[in-house]
Amino acid sequence: EEKKKRAEEEAERERKKAEGGEEEEEEDETLIFMKREGEKKKLEEEEDAKDKVLEGELDGIAEANKKRREERETEIRLKLSTIVEKIDTGDTDITDYDLEKLRKKIEEEKERRLEAIESEKRAQKRLEECEEALVEINKEIEAMVNDTAEKNAEMQDQKEKLSSLEAELKTLTEAAENVEAQVNDLQKEIKQLEDSKAHKLEQEEKGKEDEVSLAAQNTKKKEEIEKVKKAIGKYEKKLGAILQIQKDTEVLKTQSEKLNNNIQDSEASIPFMTSLIANEAVQRKAYYNKIQDMKGKIRVFCRCRPMNSTERSKPPEEAGNCVAFPDKFSLQVGDGTRPGGKRYTFDRTFNPDSSQDEVFEDTQLLVQSALDGYNVCIFAYGQTGSGKTYTMMGDGKSKNGITPRALETLFNTVEEGKGRFEYSVDMWMVELYNDNLRDLLVPEKEASGKKYEIKQVDGRTVVLGAKTVPIHNYDGAMKAIELGESHRKTAKTEMNDASSRSHLVMCFVIHGKDLTTKKETIGKLNLIDLAGSERAGKTKAEGERMKEAQSINLSLSALGAVISALSSGKPYVPYRQNKLTYLMMDSIGGTAKTLMFVMVSPSLYNRDETLNSLTYAQRAKKVTNSSKKSAVTSADALQKMLIKVTEKGKELGIDLEAEEEAEK
Ligand code: ADP
Ligand code: MG
């Protein structure tokens, strides 16, 4: 208000000053100014004093407020402590109703806080998720940026190449023009010289004075002309070379343009290709799973061993390699001169570089099935020396084959399941030699005196007369196998001097009991190392050896017939035709899970045997449990599709198999 008043006074003064004329008051201006300043100062001082008083008052009010608050607090505290005291002493003044109210309030407060903590936790989690997603997105962006940068660099490179080629072309064109001009000059000179020569000759005709000097001049001129002609020849050659360079440059230029276009095309198709690949990888997985589901049939794996030194040292026309592996499911048998050849597809193929680990990885699940009460049979088929024993047993050193690994897995699982399951494992081991059974778990003398009979009891194959031993652990199993091996009948043939000419059948019978449900199961793990499948002719066998070969061929043909009957869905399967097939009756077809290994050599020398074995195995691929017969064709179709997708991936430069492996 004070300020407002002052402003009004000021305005009044201004007005008066304007009315009263400036001239007469001019001399008083300094005086007025000083007076006003004085007033201003005084007013300011007054104001300060007033402010101080006000501040003091405010402080007082605050002080009073604080005091009142403190008083109130003490009051409340007092009240509260009396209440607490009353509660403590069980004073009846406090009603249940009050207590209930208090409790309720405390509960409500507790809930509110818990809720707050929960919501904070949720927010934290969400934040973490967002951060993770952000990191992922950043990674993707980075990859995309890198990719684009690479492409750009490539483009830049191409552009630079083009411009350097253009620059080169320009210099070359200039050089060519230069040479052309020079040639023109020289030609002109030649013409002049020739003209002057003609002129001289004319003169010579006219008068014959200075004849001698003219002749001399003539020769000189001729020499000069020769020189010039030579120079022209030289330049013409150069010009030719330059023209060639010019042509080459043109070609290079069009090539570079084409390349540029190609780059642009590929760049444009990258997103499409990427989506295609992603799509196909997904499809491939779906097919793979479906195929696994449909495996009611015999699964057939094919394994090719490395070439051995005997095969390598054959004459050149037989020493080559004839087997190729286009993918994980196929192999091709060619003629050794060109790539390609007849293609076979199986559930899995193993090339010569594949390890025992890899082979077992794909067989392992069958061991679990045997523990679950299935009849599992793994058998190896192939000519002598193709790697049957190596795959089934190993090389007797560190690289254990399927049998030791399967037994190790089996007894580990038995051990792990203790407490929930109770297992007992029994084993028998027989050899089928010349259509005669022999028990391998007893000494030879004892074995040869015995009578054996194969019987089907409750849908399970048993060998009456063969010794069955209980097996408690891995070491026990390996010892029993070793004992059995030592009783085997082996003989030398030209094919492989340590080969066996008999079928070896090892059978582990697994009784399982679920201790909680009391349910009992009986499963079987049948491991069969068949005798060599080669035809008698090749082994150069005679007499006893010839008989062996014929017996082997008979039994393998019978096995082939069983496979064939199963694969074509015939109601009658000739299991009883041969002791081998009768022995395998519960392990092939029906609900059995059968895995056949067909073993081949990669050598041209063994090409015919390889083709025979593969054709034989191809028949087994179609065997199915009769209730699932319709699944065969679609499973086959799916397998084919799977191969196609793998090939497509290869075309696009993507190794889907490796990706799958990595995922595993
Ligand atoms: P089969 O039992 O079919 O007559 P073997 O298993 O005895 O044949 O194999 C013959 C020879 O080839 C053996 O010396 C074996 O060690 C070797 N062999 C077989 N398969 C392989 C393989 N995948 N890798 C290395 N050596 C092998
Ligand atoms: Mg063998």
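The values are calculated or read from the model by the stated rules, or taken from the named source; none is laboratory data. No experiment lies behind these values; they were computed from the predicted model shown. Cβ atoms come from the backbone with ideal geometry, glycine included; neighbour counts cover every protein chain shown. Accessible surface is based on the protein model in full, side chains and every heavy atom, while ligands, DNA and RNA are left aside. Shrake-Rupley method; radii C 1.70, N 1.55, O 1.52, S 1.80 Å.
Here are the numbers for this structure:
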| read-out | value |
| --- | --- |
| Residues located in region 348-380, provided they are in contact (Cβ under 8 Å) with a residue 60 or more places away in the chain, open to solvent by 10 Å² or more (accessible area, probe 1.4 Å) and either more than 9 Å from ligand 1 (Cβ to nearest atom) or basic (Lys, Arg) (or both) | 362, 366, 369, 372, 373, 374, 375 |
| Members of region 594-619 found to be among the charged types (D, E, K, R) and surrounded by fewer than 21 Cβ atoms within 10 Å (Cβ to Cβ), listed by number | 608, 619 |
| Selection within region 403-438 - in a strand (DSSP E or B), more than 16 Å from ligand 1 (Cβ to nearest atom) and not aliphatic (A, V, I, L, M) | 418, 421, 422, 423, 424, 426, 428, 436, 438 |
| Set 125, 161, 110: member being assigned to a helix (DSSP H, G or I), among the charged types (D, E, K, R) and within 19 Å of residue 261 (Cβ to Cβ) | 161 |
| Residue 221 being in a helix (DSSP H, G or I) and closer than 30 Å to residue 178 by Cβ | yes |
| Selection count where residues are at positive phi and surrounded by 14 or more Cβ atoms within 10 Å (Cβ to Cβ), scope region 407-451 | 2 |
| The listed residue being among the small types (Gly, Ala, Ser) and modelled with pLDDT under 90, out of 537, 523, 512 | 537 |
| Selected residue (criterion: farthest from residue 519 (Cα to Cα)) from residues of region 371-380 that are out of contact with any Lys or Arg (no Cβ under 7 Å at 6 or more places or on another chain) and either of a type outside the set (D, E, K, R) or within 11 Å of ligand 2 (Cβ to nearest atom) (or both) | 379 |
| Residue in region 170-184 that is farther than 18 Å from residue 254 by Cα, in contact (Cβ under 8 Å) with a residue 12 or more places away in the chain, open to solvent by 60 Å² or more (accessible area, probe 1.4 Å) and assigned to a helix (DSSP H, G or I) present | yes |
| Some residue of region 279-299 being away from ligand 2 (no atom under 16 Å from the Cβ) and at pLDDT 85 or above | yes |
| Extreme residue, farthest from ligand 2 (Cβ to nearest atom), among residues of region 350-370 that are among the small types (Gly, Ala, Ser) and under 18 Å from residue 413 (Cα atoms) | 369 |
| Counted residues, region 386-429 - those being modelled with pLDDT of 90 or more and within 16 Å of ligand 2 (Cβ to nearest atom) | 15 |
| Single condition residue 94 does not satisfy, out of (1) in a helix (DSSP H, G or I); (2) at pLDDT below 85; (3) open to solvent by less than 90 Å² (accessible area, probe 1.4 Å) | (1) |
| Residue count, region 453-464 (criterion: surrounded by fewer than 16 Cβ atoms within 10 Å (Cβ to Cβ) and either over 43 Å from the mean Cα position of the chain (by Cα) or not in a strand (DSSP E or B) (or both)) | 7 |
| Looking only at region 540-566, and only at residues there that are open to solvent by 40 Å² or more (accessible area, probe 1.4 Å) and under 23 Å from residue 617 (Cβ atoms), the one that is farthest from the chain's Cα centre (by Cα) | 550 |
| When residues of region 468-488 are limited to those that are among the aliphatic types (A, V, I, L, M) and farther than 20 Å from residue 396 by Cβ, the one surrounded by the fewest Cβ atoms within 10 Å (Cβ to Cβ) | 469 |
| Hits in region 321-346 (condition: in contact (Cβ under 8 Å) with a residue 40 or more places away in the chain and of a type in the set (Ser, Thr, Tyr)) | 330, 344, 345 |
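The rows are residues; the columns are (1) farther than 27 Å from residue 344 by Cβ; (2) touching a strand residue (DSSP E or B) at 6+ places or on another chain (Cβ under 6 Å); (3) not in a helix (DSSP H, G or I).
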{"site": "510", "(1), (2), (3)": "yes, yes, yes"}
{"site": "527", "(1), (2), (3)": "no, yes, yes"}
{"site": "552", "(1), (2), (3)": "no, no, no"}
{"site": "572", "(1), (2), (3)": "yes, no, yes"}
{"site": "589", "(1), (2), (3)": "no, no, yes"}
